[in-house]
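Take a look at the structure below.
The values are calculated or read from the model by the stated rules, or taken from the named source; none is laboratory data. Values in this document were obtained by computation on a predicted structure and should not be read as measured data. Neighbour counts run over all protein chains shown; Cβ positions are idealised from the backbone, glycine included. Note: accessible area is taken over every heavy atom of the protein model, side chains too, but ligands, DNA and RNA are not part of it. Shrake-Rupley method; radii C 1.70, N 1.55, O 1.52, S 1.80 Å.
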Amino acid sequence: MLLAEGIPWSAGTAVATAGSASASVTIQYLGPYQLNVALGLTDANGSALRSAIDGNFTPFVDTLPINSSTRSSILAMINTSEQNPFLAGFFGNRDGRVEAGEVTQFESLLANGLKLVPSSSFLNPTFVRVSLDGANPTSSLVGAFGFPGAVGADSSAAPLEIEVNVTDGFASATSGSAHTIGLGWSAPAGLGLIVNPTIQFTAQTPAATAIKGTTGLTGVSVRNDIWGWGTSSASGTFDPATSGNVTVSFENAFPVGDLLIATAVVAPILAVGVVWVIRRYRRARAAGHPPSS
């Protein structure tokens, strides 16, 4: 929860000065009861988060919009956890450099910390909601975390990518082949100062489907397999500072490739059959009307 609260504000501090943070949301349809949501955020100044990965949480906590008393309390709790022999292995060694092993430790720390958070906290988030065929998820599982590019000096201000995967489950689904993926959000005051003015959105659908329409996106790009065999995707951007909704609708693709194959196979057979009938007709006619001498 500390990371969830702190990353946007940490990135926001960088946005206010550098304006180079970015974010993305990718939703993949896994089946009639499941969506995978991949969230990505680039912290324009990754030094505070790198320090936390290395074991020093002070720079990171200092970026949070909280009073000094709360900040001291949080740091005291973290320090207590570091001193606990059962938890110490999840924290970095504070040697001034982020190593690959420390990134793995930090990811495990987050994964274990989330086990203490009720799953219901993710089902009805305050600002963002995911839907399938208009229904809200009934289960949500936070998967892997990722911090590619974190390895290096913990004082490095180079941008740092943050990746989180969430799988949402749905109790029911609309019958038939047509489905709609939805993303809705309510923008809190001042959000435009925290994140980049636009967020990249991508929806991915299974093989043999075609995207029929989208709403709520700017600069929409839709890619459907012209043969009707492959996967489809739709992408565009939206403004998180203004409340809104994004939808992507898809259904079974028209089987162009199958029809072409069928035509390629059937046409020669038909041609051979026609030639065979003509020849037979000619032979029968010749046998019934022999040529005169």
Original post:
List, please: which pairs have Cβ atoms under 6 Å, are six or more places apart or on different chains, and start with a residue in the range 135-164 that is more than 13 Å from Ile53 (Cα to Cα) and end with one that is charged (D, E, K, R) and part of a strand (DSSP E or B)?
Top reply: Pro137/Asp168; Ser140/Asp168
**OP:** Search the range 198-226 for residues that are among the hydrophobic types (A, V, I, L, M, F, W, C) and pair each with any residue that is buried (at least 20 other Cβ atoms within 10 Å of the Cβ) and in a loop (DSSP other than H, G, I, E, B) when their beta-carbon atoms are under 6 Å apart and the residues are at least 6 apart or on different chains.
**Re:** Ile199/Pro240; Ala208/Ala253; Ala210/Ala253
**OP:** From the list Thr263, Thr242, Thr247, pick out the single residue that is at pLDDT 90 or above and not aromatic (Phe, Trp, Tyr).
**Re:** Thr247
Original post:
Looking only at the range 208-223, which residues are over 14 Å from Thr247 (Cα atoms) and open to solvent by less than 60 Å² (accessible area, probe 1.4 Å)?
Top reply: Ala208, Thr209, Ala210
Subject >> Counted residues, the range 19-70 - those being in a helix (DSSP H, G or I) and open to solvent by less than 50 Å² (accessible area, probe 1.4 Å) >> reply: 10
**OP:** Just need a number here: residues in the range 108-127 that are at pLDDT 80 or above and either closer than 20 Å to Gln28 by Cα or aliphatic (A, V, I, L, M) (or both).
**Re:** 3
Original post:
Which of (1) assigned to a strand (DSSP E or B); (2) in contact with a Phe, Trp or Tyr (Cβ under 8 Å, 6 or more places away or on another chain); (3) not polar (S, T, N, Q) does Pro240 not meet, given it meets every other one?
Top reply: (1)
**OP:** Please enumerate the residues belonging to the range 179-206 that are assigned to a loop (DSSP other than H, G, I, E, B) and either modelled with pLDDT of 90 or more or in contact with a helix residue (DSSP H, G or I) (Cβ under 8 Å, 6 or more places away or on another chain) (or both).
**Re:** Ile194, Val195, Asn196, Pro206
